[in-house]
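Everything on this sheet refers to the single structure shown next.
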Amino acid sequence: QLMFQFGWMNTYAALIVPALVGPANLFLMKQFMQTLPSSLIDSARVDACPEWRIFLRVVLPIAKPGIAVLAIFTFMGYWNSFFWPLIVTQTSEMRTLPVGLTSVRYGNFDYGSLMAGSVVAAAPMFLVFLVFQRFFLKGLTIGAVKG
């Protein structure tokens, strides 16, 4: 109903905006931010650095691994999403790849087209993981090392 009230039915906003602000995303970033050393923030405050500059110059560079992990999880979770794009899109031009692959299944059943579509659907996930791999591994192990 919200997408209809906003006038976002069959738009990119209906597909993208709900993915950005999810409760799991907020929880993951809250937990990650709690692991950041508060001594760096305190020392920036002692140096009379404004809050926006502390965020841009101190917190954001340290939080890159957490943001990268969040980007990977969100992208992989919503790339394969089927039900939400099926609800908020009405034309075949706006349909996502998983929804489009099911329409191929109901037409003339061509295994070659279905497998090619599956490879095309899986390729971006591998590329995103390869690009963010160093951040991903750093983000997963940042709280495991004590010292």
Quiz item: Do we have any residue at all in segment 84-97 that's open to solvent by 80 Å² or more (accessible area, probe 1.4 Å), among the polar types (S, T, N, Q) and modelled with pLDDT of 85 or more?
Solution: yes
Quiz prompt | Total residues in segment 14-31, condition closer than 21 Å to Val99 by Cα and surrounded by 13 or more Cβ atoms within 10 Å (Cβ to Cβ) | solution = 5
Quiz prompt | Among the residues listed as Ala68, Ala63, the single one being buried (at least 16 other Cβ atoms within 10 Å of the Cβ), among the small types (Gly, Ala, Ser) and more than 16 Å from Met125 (Cα to Cα) | solution = Ala63
Quiz item: Has segment 32-40 got any residue that is crowded, with 16+ Cβ neighbours inside 10 Å, outside any helix (DSSP H, G or I) and within 20 Å of the chain's Cα centre (by Cα)?
Solution: no
Quiz item: out of contact with any Lys or Arg (no Cβ under 7 Å at 6 or more places or on another chain), modelled with pLDDT under 90 and part of a helix (DSSP H, G or I): does that describe Ala24?
Solution: yes
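The values are calculated or read from the model by the stated rules, or taken from the named source; none is laboratory data. As the structure is a computational prediction, the values presented were derived from the model and not from experiment. Counting neighbours? That spans all protein chains shown, and the Cβs are built from the backbone with ideal geometry, glycine included. Accessible surface areas use protein heavy atoms only, side chains included; no ligands, DNA or RNA. Shrake-Rupley method; radii C 1.70, N 1.55, O 1.52, S 1.80 Å.
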